[in-house]
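Just so it is clear, none of the values below were taken in a lab; they were calculated from the coordinates. Given the structure is predicted, the values throughout are model-derived calculations rather than measurements. Cβ sites come from the backbone with ideal geometry, for glycine too, and all protein chains shown count toward neighbours.
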Amino acid sequence: MPTRKHVHEIELPVQPERVFAVLHTPSAIRAWWNAARAIVLAQEGGVCAAAWGEHEDDPDYLTVARMQVFDPPRRILFTDYQYYAKRGPLPFQANFTTEFTVEARPHGSLLRVSQDGFPCEPIADEFYAGCEVGWRNTFEGIQRFLAEV
C-alpha cells in the first residue's frame, strides 16, 4: 500500500550531542513537546512514551513507540506505534515510522525528521495535515528549548 510522509529539518546552533539528547531525555521531551509526562528507555529496543492531559490516570492522548535504532548522536528510529485518544482510535490503519537524524554542521547541527506510513486515502487527510502542523510546532519547541537552556 503506498504511503506518504512528512520531512522537516532545522539548523540549530548547538552541537549534535546536545540536539540528540533532547530527543530522548524525558524532561526535555515534556518541555518541547508540551507533554504532561514522558518515559524513555533510551536504548536500541527501548521505548518512548508521552502523555497529554491534566489527569495522569485518564490521559487525553498517549503515544508509545519502540526505538528500533538508537545510535547516539546521529539517529533514532521509532517503530511499532501505539496511539490512544479519549475521542477514539484513528479512522484508518497505519504502520508509522519516525526517524530523527542529526548531522554536524560548521555552526551547529542539522536536525531532520521523517515520519512515514500515512495512508494516501482521503480518510487520513485530516490527521496527515494535523501532523504537518504538529511537526512545525515541535521543531519550534525544540528550537525554543535549546535557546533557553
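Between 0 and 90 degrees, the angle of helix 125-148 with respect to the longest Cα principal axis of the chain falls at about 30 degrees.
What relative contact order, as a whole-number percentage, does region 3-148 give when Cα pairs under 8 Å and 6 or more residues apart are counted? Don't skip to the end; give the middle numbers.
Numbers: 295 pairs, mean separation 41.5, N = 146.
About 28 percent, as a whole number.
Applying 0.36 nm per residue to the separation of residue 84 and residue 57 and subtracting their alpha-carbon distance, the gain on full extension is 8.4 nm.
When the chain is treated as a GNM with alpha-carbon contacts under 10 Å, the residue of 57, 116, 125 showing the greatest mean-square fluctuation is 57. Mind jotting down the distance between the C-alpha centroids of region 131-149 and region 1-67, whole Å? Result: 11 Å between the Cα centres. Under 5 Å from the amide H of residue 60 lie the amide H atoms of 52, 53, 54, 55, each residue being 5 or more positions distant or on a separate chain, with H modelled from the backbone and absent for Pro and chain starts. Each residue in 8, 24, 55 was given a count of other beta-carbon atoms within 10 angstrom of its own, and listing them fewest first yields 55, 8, 24. For the chain, the mean residue ellipticity at 222 nm estimated from helices alone is -8500 deg cm²/dmol, where every DSSP H run of n ≥ 4 contributes -39500 (n - 2.57) and the total is divided by all residues, rounded to the nearest 500. Compared with the alpha-carbon gap, the fully stretched path from residue 8 to residue 34 is longer by 7.5 nm at 0.36 nm per residue. Full extension of the chain between residue 137 and residue 125 yields a length gain of 2.5 nm, computed as 0.36 nm times the residue separation minus the alpha carbon distance. Looking at region 14-111, which trypsin sites (Lys or Arg not before Pro) are DSSP coil and have at most 12 other C-beta atoms within 10 Å of their C-beta? Answer by residue number: 86, 87. When each of 114, 109, 27 is scored by the number of other beta-carbon atoms lying within 10 Å, the sequence from fewest to most is 27, 114, 109. Once Lys and Arg get +1 and Asp and Glu get -1 on their Cβ, which of 106, 83, 145 lies farthest toward the positive end of the dipole of region 54-149? So the residue we want is 106. The convex hull built on the alpha-carbon positions of region 3-148 has an orientation-averaged projected area of 8.4 nm².
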